[in-house]
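Let me begin by presenting the structure, written as C-alpha cells, before commenting on it.
The values are calculated or read from the model by the stated rules, or taken from the named source; none is laboratory data. Worth saying up front: this structure is predicted, and the values here are computed from it rather than measured. A quick note on method: Cβ atoms are made from the backbone with ideal geometry, for glycine too, and the neighbour counts reach across all protein chains shown. These area figures cover heavy atoms from the full protein model, side chains too; ligands, DNA and RNA do not enter into them. Shrake-Rupley method; radii C 1.70, N 1.55, O 1.52, S 1.80 Å.
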Amino acid sequence: MSLLEIFDPKAPPKPIGIDLGTTNSLVAVVKNERPLAIRDCDGAAILPSVVHYGPRGEVVVGESAKRVAAEHPRETIVSVKRYMGRGADDPETKRLGPYSFDTPKDGEPNVVRFRVGSRAVTPVEVSAEILRALKRLAEDELRSVGGAVITVPAYFDDAQRQATKDAGRLAGLEVLRLLNEPTAAALAYGLEKKQNGTFAVYDLGGGTFDVTILVLEDGVFQVKSTGGDSALGGDDMDRALAEEMLRGLGRAPASVTPGEVRLLLDMARQVKHALTEAEVVDFESPLPPSGDGATSLSVTRPRFDELVQPLLAKTGLACRRALKDAGTRPEELDGVILVGGSTRVPAVRAYVAKLFGKEPLADIDPDHVVALGAAIQADLLAGQGQTEEVLLLDVIPLSLGIEVGGGVVDRILPRNTTTPAAARATYTTQEDRQTGFEIHVLQGEREMAADCRSLARFTLRGIPPMPAGLARLEVTFRVDADGLLAVHAREERTGIEQTVEVKPSYGLDDDTVEQMLLDAIDHGEEDLAARKLAETRVEAGRVAASTRKSVAADSALLAPGEEATIDAALAALDVAIAGTDASRIQLRLDDLDAATKDFAGRRMNRAIAEAIAGHKLDEIERTVEHAKGIEKAHEDKPLPPPPMSR
Ligand code: ADP
Ligand code: MG
C-alpha cells in the first residue's frame, strides 16, 4: 500500500460497477484497463447488505450493522433485495423475515414498508443506503465517481428492476444501466474475446440462485435462457446446519428465541466457511443445550455434503430446464462459470462438474466476478475503455402480449426474446362503430388472458365510427436494455396514439415465474382448446353480425328463398356459438359460408360496378373490403371496445 497517492484534480469522474447482492454488495472500477474491487480501510471489498436503523435516527450499513442484527432483529434489515418490487399485500413478505410492516395508507403506493423504531422505510430506501455506502467507498478511492452500472439477477422483472434503478437514483448515482449478473460474470471472464461459444453461468449466492445459458456469436453475447430460484442459496445451507446444531443440542426449534436464531445462524455460517477448507470442524455452541445435551459440537464435510444435497438437486433442476430452454445439451457447452460465494463449497463444485460434465471456470474470485464485469461495462459505456463495442443481450423471462377478442392472449414478444427488443402487431375493431380500444397488457405463457398476469390496461378513444374490421391499430412493444417495457398504440387512419410505460405495482419472484411456466405446461392442452373456442366464437359472431347487416341492407339482391336458407344457417350458428364445441361452430360457419356464397358474389359485383361508375377510390376500397368481410376472415385480430366506449 502506498503512503502517498497523488490525485489529478482534473481527472474525469470514473464510472463504477456495483454488485448489489442479497447478502453482500461490492463496487469495482477499471484502473489501467484492469477491473479491481474497491476495498475499505480494513482491506475488505465485500460490504454485507445489512442496514441497521438506530434509535436516534442513525443509519449503519455493512459489517457493523450485521453485528447488531441479532440484538435488534426488527431494526436491522438483511436480504432487502428479496423485498424489492414487492407489494405490501404480498403474503411472501411476512414469511421472509422477522420484521414488522406498515400497511400503506389510502393513496400511498403498494410497496413494502419496514417499521424500524419510529420510522417506516421501503426496500428502495434500504437499498439506497447500501448503494450510498458503496458510493462513499468509491469516492474515497477515486475522488470523483461517474455513472454506475448496477447488476440485477437475470430473473428480476420490471418492478424489481425499476425499484433497483430508483434505489440508485435515491443514492445519488447516475445509473448508466442495469446489467444481468451472469452477463456481468461472462464479461469479467473476457469471454467476448473468444468470439464464439456456448457457456453456462452458475451463480449460487447467499439468497438467490441463477443459471444462464449464454451464446457468443462473433464476439456478441446473447442470453439464450435463464432460470433460477430467488429463495435458494448459502442461507439455506446455514439453516440446514443450524437445524443440525439444534438436533445436537437437543433443543426444540420452538424453544429458540429470534436472537438465538441469529447467533445460531452466524455460527452455522462460520462452520460452513471452515468446512470449505477443513474435513471436520469442532466448535462450541453459542446457545445452551437442553437438559444434559452437549455444548461441544462437531460437523464433518461428508455430513455437510449430505445436508446440502436437496439444495443442490434444486439447482440441478433449474440448470436442466435452462439447458432445455436454450436447446443446448451439456456436452455442447464450451464452459461453465462459477459465480457467488456459495460456489466455494466443494460439494457445489463437484456437483456442477458432474452436472455439466466438465470442470467449471473459477479462476476469478466468485464473490468479485459480477462487480468486476459491471465495472468493465460501466467503463465501456462511459467511452473510456477499449474502443471495441460489446453488445450485451439479455432475455425476457415471460412472454408479453395483449388481450384480443374472446379473452385470448396475443403474444407480441415471446419468452426468451433477447433484449433490447421491439415488436409490432396490428389489430382492428371488433364491433361496428367502435370508437375506442381497450389495450390490456399481459405477461405469461397461458393462452387465456384471465390466466396471465395483468401488467397494465389503457384505452385509446376518439376513433370515428366505422364498420368493424376497418380501423387499424398498431401496437408496439419495446423492452429496453434494462428490461423495462413501453407499449405504444396508434390508430393508423386517425393518427391517435398513446404510450404507457409498464411498471407493475409489484413484482414476480422466481418461484412465481417458475410456477407460471409449470402451469402453462400443465394446462397446455386445455388452454389451446379454450383459445380455439374463444377465437372461433369471436370470428363466428363477427361473420353472423356482418351477414345480418348485409341481408338487411341489400335485400334486393337476394334470390327467392335465399333469405330463409341464410336465416336457418344463422340460427344454427347461434346455437353452436352458445355451445362449447369449437369444431361444431366451425361446421355451422362453413354452412353459413355456403348459404351466402352467391349473395356475397352479387354484392361484390355491384360494388365493382359502382366503382366503375366513378366513386372515389378509397370509398370503393372500403365498400369492397366490407363486402368481402362476409366471406373472408380479417387478418388483423379484433380488439374489444373499452368498457365505457362513447
Ligand atoms: P449474494 O450474491 O446473494 O449477495 P454472495 O455471492 O456474496 O451472495 O455469496 C454469499 C454466500 O456465500 C453466503 O451464503 C456465504 O456464506 C457464502 N460463502 C462465502 N464464502 C464462503 C466460503 N468460503 N465457503 C462457503 N460459503 C461461502
Ligand atoms: Mg451475487
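Filtering segment 149-171 to residues that are at pLDDT 90 or above, of a type in the set (Gly, Ala, Ser) and more than 19 Å from residue 97 (Cβ to Cβ) leaves 168, 171.
Could you grab me the full set of residues in segment 312-351 that are out of contact with any helix residue (DSSP H, G or I) (no Cβ under 6 Å at 6 or more places or on another chain), open to solvent by 60 Å² or more (accessible area, probe 1.4 Å) and within 16 Å of ligand 2 (Cβ to nearest atom)? Those that are out of contact with any helix residue (DSSP H, G or I) (no Cβ under 6 Å at 6 or more places or on another chain), open to solvent by 60 Å² or more (accessible area, probe 1.4 Å) and within 16 Å of ligand 2 (Cβ to nearest atom): none in segment 312-351. Within the set 70, 45, the sole residue that is within 16 Å of ligand 2 (Cβ to nearest atom), surrounded by fewer than 23 Cβ atoms within 10 Å (Cβ to Cβ) and more than 26 Å from the chain's Cα centre (by Cα) turns out to be 45. Taking segment 17-43 as the range and being among the hydrophobic types (A, V, I, L, M, F, W, C) and on the phi > 0 side of the Ramachandran plot as the test, no residue passes.
The sole residue among 262, 269 that is buried (at least 17 other Cβ atoms within 10 Å of the Cβ), among the basic types (Lys, Arg) and under 22 Å from residue 93 (Cβ atoms) is 262. Report, by residue number, each residue of segment 290-306 that is surrounded by 12 or more Cβ atoms within 10 Å (Cβ to Cβ) and in a strand (DSSP E or B). Within segment 290-306, 297, 298, 299, 300 meet the criteria.
So that you can scan it fast, the table gives a plain yes or no per residue for (1) within 16 Å of ligand 1 (Cβ to nearest atom); (2) among the aromatic types (Phe, Trp, Tyr); (3) within 24 Å of residue 485 (Cβ to Cβ); (4) under 15 Å from the mean Cα position of the chain (by Cα):
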| position | (1), (2), (3), (4) |
| --- | --- |
| 156 | yes, yes, yes, yes |
| 162 | no, no, yes, yes |
| 165 | no, no, yes, yes |
| 217 | no, no, no, no |
| 225 | no, no, yes, yes |
| 233 | yes, no, no, no |
| 236 | yes, no, no, no |
| 244 | yes, no, no, no |
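Tell me whether segment 600-611 contains one or more residues that are more than 25 Å from residue 471 (Cβ to Cβ), part of a helix (DSSP H, G or I), open to solvent by 50 Å² or more (accessible area, probe 1.4 Å) and at pLDDT 85 or above. Yes, because at least one residue in segment 600-611 is more than 25 Å from residue 471 (Cβ to Cβ), part of a helix (DSSP H, G or I), open to solvent by 50 Å² or more (accessible area, probe 1.4 Å) and at pLDDT 85 or above.
Conditions (1) open to solvent by 10 Å² or more (accessible area, probe 1.4 Å); (2) of a type in the set (Val, Ile, Thr); (3) farther than 15 Å from residue 484 by Cα, marked per residue:
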position: 398; (1), (2), (3): no, no, no
position: 403; (1), (2), (3): yes, no, yes
position: 411; (1), (2), (3): yes, no, yes
position: 415; (1), (2), (3): yes, no, no
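Does residue 146 count as modelled with pLDDT under 90 and within 19 Å of residue 170 (Cα to Cα)? The answer is yes for residue 146. Restricting the search to helices (runs of 4 or more DSSP H) fully inside segment 173-289 and requiring at least 1 residues that are of a type in the set (Ser, Thr, Tyr) and within 16 Å of ligand 2 (Cβ to nearest atom) gives 181-188. Among the residues of segment 193-221, those identified as among the acidic types (Asp, Glu) and open to solvent by 10 Å² or more (accessible area, probe 1.4 Å) are 203, 217, 218.
For beta carbons closer than 7 Å, sequence separation of 6+ or different chains, a first residue in segment 16-32 that is closer than 16 Å to residue 126 by Cα and within 14 Å of ligand 1 (Cβ to nearest atom) and a second that is open to solvent by 10 Å² or more (accessible area, probe 1.4 Å) and assigned to a strand (DSSP E or B), the qualifying pairs are 24/47; 25/19; 25/47; 26/19; 26/37; 26/47.
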